[in-house]
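The values are calculated or read from the model by the stated rules, or taken from the named source; none is laboratory data. Remember, predicted model here, so these are calculated numbers, not experimental data. Counting neighbours? That spans all protein chains shown, and the Cβs are built from the backbone with ideal geometry, glycine included.
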Ligand code: ADP
């Protein structure tokens, strides 16, 4: 490998910049050239490709977002789009690519590998919904951001003796909701993986808790369940307790990455370049059972994971 490219794709996540910085600086340390591909696969197909050096990634380790921007690209899902992408890589002498993104981005990375461009994926998503890894770049920052916001809602919720529904991100994965449920001591956590839609039980618990003297009732609602505003109206009507919905939204995707996200993203970025230098391709870097590992992309995409049931049970036990 002489020249590598790096791109960020799909949803952005805090820590992606730390990963880009590590890719660029590791590559330069190994005597490689580095090109930044802007706006994910969309920028690849538009040939938005820039030379990068050590200073291109100065002053970014502490910033959220991604300096390479990110996008979704329909054209790259087609075989013609992928072929065009591989040809553009060859034209720019890019013989290895690091793709930072989620499962969708890894599917694209697998296609590029099959077309002869050595490709390594790094797990970048706040949702933690990548089965082959216990850690994804951005999750730690996002849960900390959500936790701090929920603490604030909780203060005012207690003062006004309200019930609060707080909707966190995570698409169809409940990891952010579960972690905030623990960290914020929420009375109820509604996870897409577990919630059976039994609103009457929820209402009964709210009424019971009020009778026991609880001044607030915090419900963490995962994005995949949604409908927080209408749920609040129904709960208020059924309990007589003032109920408000707060949707935290995109604030959870931004902000300065935590120490953990900076460190893990840096190590994963360096690891990706090392794999390319070893001639490896079609692999995803993950973190499993306390170790950094790499997994075949198709095997990684075929894996599934679920909320740990024991953790979910503990989270429920601790608020009763
Ligand atoms: P994420 O990577 O966060 O899961 P997406 O699912 O939106 O986000 O995927 C990001 C991009 O990856 C898509 O816009 C598309 O360009 C590319 N991609 C997704 N699925 C495929 C696929 N099956 N083949 C090739 N490229 C894909």
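Tabulated data for the structure shown
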{"quantity": "Filter pass, residue 108 being buried (at least 21 other Cβ atoms within 10 Å of the Cβ), near the ligand (Cβ under 7 Å from one of its atoms) and farther than 15 Å from residue 3 by Cα", "calculated": "yes"}
{"quantity": "Residue match in segment 27-36 (condition: within 16 Å of the ligand (Cβ to nearest atom) and touching a residue at least 12 places away in the same chain (Cβ under 8 Å))", "calculated": "no"}
{"quantity": "Evaluation of residue 206 against (1) farther than 30 Å from residue 58 by Cα; (2) under 18 Å from the mean Cα position of the chain (by Cα) (one fails), failing number", "calculated": "(2)"}
{"quantity": "Residues (in contact (Cβ under 8 Å) with a residue 60 or more places away in the chain and either within 9 Å of the chain's Cα centre (by Cα) or buried (at least 23 other Cβ atoms within 10 Å of the Cβ) (or both)) located in segment 141-156", "calculated": "141, 142, 145, 146, 150"}
{"quantity": "Residue count, segment 157-172 (criterion: touching a residue at least 60 places away in the same chain (Cβ under 8 Å) and closer than 21 Å to residue 13 by Cβ)", "calculated": "4"}
{"quantity": "Qualifying residue in segment 95-102 (condition: surrounded by fewer than 24 Cβ atoms within 10 Å (Cβ to Cβ) and near the ligand (Cβ under 9 Å from one of its atoms))", "calculated": "yes"}
{"quantity": "Criterion: at pLDDT 95 or above and away from the ligand (no atom under 13 Å from the Cβ) - qualifying residue of 126, 137, 189, 130", "calculated": "189"}
{"quantity": "Only listed residue being in contact with a strand residue (DSSP E or B) (Cβ under 8 Å, 6 or more places away or on another chain) and touching a residue at least 40 places away in the same chain (Cβ under 8 Å), chosen from 232, 256", "calculated": "232"}
{"quantity": "Qualifying positions in segment 57-78 - within 30 Å of residue 114 (Cα to Cα) and either within 14 Å of the ligand (Cβ to nearest atom) or over 23 Å from the mean Cα position of the chain (by Cα) (or both)", "calculated": "66, 68, 69, 70, 71, 72, 73, 74, 75, 76, 77, 78"}
{"quantity": "Breaking point among (1) within 14 Å of the ligand (Cβ to nearest atom); (2) under 15 Å from residue 119 (Cβ atoms); (3) under 21 Å from the mean Cα position of the chain (by Cα), for residue 13", "calculated": "(2)"}
{"quantity": "Residue that is surrounded by the fewest Cβ atoms within 10 Å (Cβ to Cβ), among those in segment 40-87 that are in contact (Cβ under 8 Å) with a residue 24 or more places away in the chain, within 23 Å of residue 277 (Cβ to Cβ) and touching a strand residue (DSSP E or B) at 6+ places or on another chain (Cβ under 8 Å)", "calculated": "53"}
{"quantity": "Residue 202 in contact with a strand residue (DSSP E or B) (Cβ under 7 Å, 6 or more places away or on another chain) and closer than 20 Å to residue 154 by Cβ", "calculated": "yes"}
{"quantity": "Filter result for residue 227 (at pLDDT 95 or above and closer than 19 Å to residue 125 by Cβ)", "calculated": "no"}
